[in-house]
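Student: Would you mind keeping the following structure in view while I ask a few things?
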Amino acid sequence: MELRVLGCHGGETPAHRTSAFLIDGKVGIDAGALTSELTLAEQRRVQSVLVSHCHMDHIQDLATMADTRCQAGGPTLQLAGTEATIGALKAHFFNDLLWPDFTKIKTPKGPTIRYLVLKPEVTYDVSGYSVRAVLVSHTVESAAFVVRRGRSTIAYSGDTGPTTRLWEVLRSLDLKALLMEVSFPNAQQRLATASGHHTPRTLASELDKLGDRSDLPILLFHIKPTFERAVLRELTRIRGRNLSILHPGDTFIL
Ligand SMILES: [Zn+2]
Ligand SMILES: [Zn+2]
């Protein structure tokens, strides 16, 4: 499984893009930088996007993605997420006001987009990948995803603060990597708690819930650009874990 990092920050500047990842060029995970970082030909190869939750930094490029897909004449782009996330996309994003309802706009190969509602903890086939959503803890309904193909399984935390069920699920898996959020420095703990995010301090105690998995690659994303230096400094104090900070353009074979 090839994992390409398109955007991996909790904010945007010319050097930072919001959350978006691409598996084998075919399945997106969140859409913070799906069109800003992909050529038209690359955009057209994306079959499905897993949407962790409805916050703008995770969905913003679905607008231009749908538009270019329509102009390309298909094929239908599938948007997969849990019920509240898909409901928010329908009601507040592709609502014929902020942006057209692309489920009603046909291409020669079918509707421009279609939705797939994922029931939590049920396994679905999404463009040939086995996908399971696990609800996490954020200010709106937010899901982690476990994605498997063949012998390769990865997990993506979505936006979350401290949570329990995700770690129970992850402990039972033979993971190649965990993409894990961390957003604010320890001095901003109140803001992190109020907004359902991690600081290096809460991240460290969450990782204890993984048990003895010190070799598991933990790929960190969603650092707020405003606080980047402080968060990076504090992360160096977490010992005994295989942590990496993600950068736009990183590619992993997992
Ligand atoms: Zn969020
Ligand atoms: Zn976010």
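The values are calculated or read from the model by the stated rules, or taken from the named source; none is laboratory data. Please read these numbers as outputs of a predicted model, since none were measured by experiment. Cβ sites come from the backbone with ideal geometry, for glycine too, and all protein chains shown count toward neighbours. Note: accessible area is taken over every heavy atom of the protein model, side chains too, but ligands, DNA and RNA are not part of it. Shrake-Rupley method; radii C 1.70, N 1.55, O 1.52, S 1.80 Å.
Student: How about region 78-129: which of its residues are of a type in the set (Ser, Thr, Tyr) and in a helix (DSSP H, G or I)?
Tutor: Step one: filter region 78-129 for residues of a type in the set (Ser, Thr, Tyr), giving 82, 85, 103, 107, 112, 115, 123-124, 127, 129.
Answer for region 78-129, where residues must be of a type in the set (Ser, Thr, Tyr) and in a helix (DSSP H, G or I): just THR85.
Student: Check whether at least one residue in region 167-186 is touching a Ser or Thr at 6+ places or on another chain (Cβ under 7 Å), over 19 Å from ASP30 (Cα atoms) and within 16 Å of ligand 2 (Cβ to nearest atom), and report yes or no.
Tutor: Checking region 167-186: at least one residue is touching a Ser or Thr at 6+ places or on another chain (Cβ under 7 Å), over 19 Å from ASP30 (Cα atoms) and within 16 Å of ligand 2 (Cβ to nearest atom).
Student: Also, quick follow-up: It is to be established whether one or more residues within region 49-66 are more than 20 Å from the chain's Cα centre (by Cα) and modelled with pLDDT of 95 or more.
Tutor: Checked against the condition, which is being more than 20 Å from the chain's Cα centre (by Cα) and modelled with pLDDT of 95 or more, region 49-66 yields no hits at all.
Student: Here are LEU175, LEU179: which of them is more than 21 Å from HIS197 (Cβ to Cβ) and of a type outside the set (S, T, N, Q)? Reasoning before the result, please.
Tutor: Numbers: LEU179 fails: more than 21 Å from HIS197 (Cβ to Cβ).
None of the other options fit; the residue is LEU175.
Student: Identify all residues within region 166-177 that are in a loop (DSSP other than H, G, I, E, B) and out of contact with any strand residue (DSSP E or B) (no Cβ under 8 Å at 6 or more places or on another chain); write none if there are none.
Tutor: Taking region 166-177 first, the residues in a loop (DSSP other than H, G, I, E, B) are 172-176.
Result: SER172, single match.
Student: Residues to consider are ASP30, ASP67; find the one that is under 20 Å from HIS138 (Cα atoms) and of a type outside the set (A, V, I, L, M).
Tutor: On the way: ASP67 fails: under 20 Å from HIS138 (Cα atoms).
Within the list ASP30, ASP67, the selection yields ASP30.
Student: While we're on this one: Select from region 17-54 the residues that are within 12 Å of PRO248 (Cβ to Cβ), without any contact (Cβ under 8 Å) to a residue 40 or more places away in the chain and among the small types (Gly, Ala, Ser) and write down the one among them that is most open to solvent (accessible area, probe 1.4 Å).
Tutor: The extreme case among them is SER36.
Residue by residue, here is whether (1) among the charged types (D, E, K, R); (2) surrounded by 15 or more Cβ atoms within 10 Å (Cβ to Cβ) holds:
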{"residue": "ASP174", "(1), (2)": "yes, no"}
{"residue": "THR199", "(1), (2)": "no, yes"}
{"residue": "PRO217", "(1), (2)": "no, yes"}
{"residue": "GLU234", "(1), (2)": "yes, yes"}
{"residue": "ILE238", "(1), (2)": "no, yes"}
{"residue": "ARG241", "(1), (2)": "yes, yes"}
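Student: Could you check region 2-48 and list, in sequence order, the residues that are more than 16 Å from ligand 1 (Cβ to nearest atom), within 23 Å of TYR115 (Cβ to Cβ) and not in a loop (DSSP other than H, G, I, E, B)?
Tutor: Correct list: LEU6, LEU22, ILE23, VAL27, GLY28, GLU42, GLN43, ARG44, ARG45, SER48.
Student: Let me ask another. Please count how many residues of region 55-88 are buried (at least 21 other Cβ atoms within 10 Å of the Cβ) and out of contact with any Asp or Glu (no Cβ under 8 Å at 6 or more places or on another chain).
Tutor: 10
Student: Only one of these conditions is not met by THR160: (1) open to solvent by less than 20 Å² (accessible area, probe 1.4 Å); (2) touching a residue at least 60 places away in the same chain (Cβ under 8 Å). Which number is it?
Tutor: Failing condition for THR160: (2).
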